[in-house]
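Before any comments, here is the structure.
Derivation of every value follows stated rules applied to the coordinates shown; laboratory data play no part. Keep in mind it's a predicted model, so treat the numbers as computed, not measured. We place every Cβ from the backbone using ideal geometry, glycine too, and count neighbours over all the protein chains shown.
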Amino acid sequence: MNTMQDQNLTPAQVTQLTKAMLSVALVDGIHPAEAALIGQFYESSRSPDMPTTSSVMASPDDRSFDINTLAGSPAAFADTLVLMCLMTAYADGQLSPAEKNHVQSMAGTLGVDAQRFEAHLAHVRDELVGALSHLPDAGSVAVVVKELAAND
């Protein structure tokens, strides 16, 4: 999987990713965990000349993001956007059908085909399971894994 996660993002790319993530969170109302993830991403990625994190997060507007403006983006950026949006959707513990549809729609606009989308979805799920795997109660982890698979 070729993503830009370990590369430097331009201020415009940070802004675009942040707006895309906010658009996913707004699908079913921004959950505090989604806001925390988006805020953390923006704060750790922004340059000093960009608006503050608090000002970006103060009044998110789903109309401020138009995926069509990113059509034709490089594949690595498209992959990163899809991954970040899926992580945002899962931040509250579940990927709702509406969130999944929204991210799939964005992926399609960016040229991410169904097979790559499913690979990204599996990758995010694996990351979530990996984050839980250190828990001493393996039974609870197994239940979470089943719920993640059932909700998709």
Could you calculate the contour length gain from Asn8 to Asp113, that is, 0.36 nm times the residue separation minus the distance between their Cα atoms, to one decimal place in nm? 35.3 nm
Describe numerically, in nm with one decimal, the distance between label points set 7 Å from Cα along Cα→Cβ at Gln94 and at Ala58. 3.4
How would you rank Met50, Met21, going from fewest to most other Cβ atoms within 10 Å of each one's own Cβ? Met50, Met21
